Structures are given as structure tokens and as C-alpha cells.
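Report on one structure; see the data block that follows.
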Amino acid sequence: MKERWRGVHLNKLPGGGLELGEGLFDCLNRELEEEFTSYETCQWSHLHTPTHYFTSQFRPDEQLLLNYFTAVEPVNEQLWALNPEESENLLGIEWLELHEENRSWFTLESDRDAFDLLLDRYS
């Protein structure tokens, strides 16, 4: 995802915050509904939960608990379209090949680490 968050341009994996009372899969599905006007319904597989401490870059007094998931089956990128109502912050979607040189595309180190795990798993 290409996003603008608090005035900062980010290249990142899709995601969002867990809301009170929400499970992880509920959060994944809600985030999809908010950010896309069309997408595939997916079965999810847990990829990674970092075990070290993360501080929010935008809220230094907050800690993040990151969870990364992958779709169980390959998805058809042609079926995915960003929600134009979110265009102020969602600037675009980029489908990257699983090649090591694409690691540097990500702004956040945690996303680069998750991309490394994808490379290990699927390459």
C-alpha cells in the first residue's frame, strides 16, 4: 500500500489497528471492507508476530503489537480496487513480485522483515 499517514508518505503492507472487542480475523476483514471497494474473500494464515518491542513512529508513547498474515490461496490482483473515499490517505496499491530487491520498497523495517519471511516461505 502507498499511504499518507499524518503527512508522511509510506510504502507498507496493508494493515490497521485492532478495535476493542475485535478478533484478529475480524480486524483483517474490517480493514479490507474499509480500504477496498472490491476484493477477494480470503482464508488467512498467520505469517509472523514479532516478539520484540515496537514503538509507534507516530505516537511515541504507544507500543504496537504487530501481526502479519497471508492469504492461503493466491489472489487475483485484478479483483482488488481501493476505496476512492479513502483517497486522501490511501494513495495506491502496488503488487510486488517476491524478489529480494523489492524489500527496499517498504518504508517500515517491520514490513521489510515480514517481506523477508515471505521470501523464505514462497521462493
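The values are calculated or read from the model by the stated rules, or taken from the named source; none is laboratory data. The structure presented is a predicted model; accordingly, all values stated were derived computationally and were not measured. Heads up, the Cβs are rebuilt from the backbone with ideal geometry, glycines too, and the neighbour counts pull from every protein chain shown.
Cβ-Cβ distances below 6 Å connect the following pairs, each with a first residue in the range 64-93 that is of a type in the set (D, E, K, R), a second residue that is in a loop (DSSP other than H, G, I, E, B), and a separation of six or more residues or different chains: Glu77/Trp95. Taken over the range 81-114, the residue count meeting the criterion of being in a helix (DSSP H, G or I) and of a type in the set (A, V, I, L, M, F, W, C) is 2.
Under the condition of being touching a helix residue (DSSP H, G or I) at 6+ places or on another chain (Cβ under 9 Å) and either under 15 Å from Ala114 (Cα atoms) or part of a loop (DSSP other than H, G, I, E, B) (or both), the residues counted in the range 3-43 number 14.
With respect to Tyr122, is the statement that it is closer than 19 Å to Asp26 by Cα and touching a residue at least 12 places away in the same chain (Cβ under 8 Å) true? No; evaluated as a whole, the condition is false for this residue. Among the residues of the range 97-113, those identified as within 28 Å of Gln63 (Cβ to Cβ), in contact (Cβ under 8 Å) with a residue 12 or more places away in the chain and not basic (Lys, Arg) are Trp105, Phe106, Thr107, Leu108, Ser110, Asp111, Asp113. Selection of the range 19-28 for residues being free of Cβ contacts under 8 Å to residues at least 12 places away in the same chain and either basic (Lys, Arg) or on the phi < 0 side of the Ramachandran plot (or both) yields Glu19, Leu20, Glu22, Gly23, Asp26, Cys27.
Would you mind stating whether Leu13 is under 14 Å from the mean Cα position of the chain (by Cα) and either of a type outside the set (S, T, N, Q) or modelled with pLDDT of 90 or more (or both)? Quick ask: steps written out before the conclusion?
Details: under 14 Å from the mean Cα position of the chain (by Cα): yes; either of a type outside the set (S, T, N, Q) or modelled with pLDDT of 90 or more (or both): yes.
For Leu13, the condition - under 14 Å from the mean Cα position of the chain (by Cα) and either of a type outside the set (S, T, N, Q) or modelled with pLDDT of 90 or more (or both) - is met.
A quick yes/no check of all residues on (1) within 26 Å of Gly7 (Cβ to Cβ); (2) at pLDDT 90 or above:
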residue: Cys42; (1), (2): no, no
residue: Thr49; (1), (2): no, yes
residue: Asp61; (1), (2): yes, no
residue: Tyr68; (1), (2): yes, yes
residue: Asn76; (1), (2): no, yes
residue: Glu101; (1), (2): no, yes
residue: Phe106; (1), (2): yes, yes
residue: Asp116; (1), (2): no, yes
residue: Arg121; (1), (2): no, yes
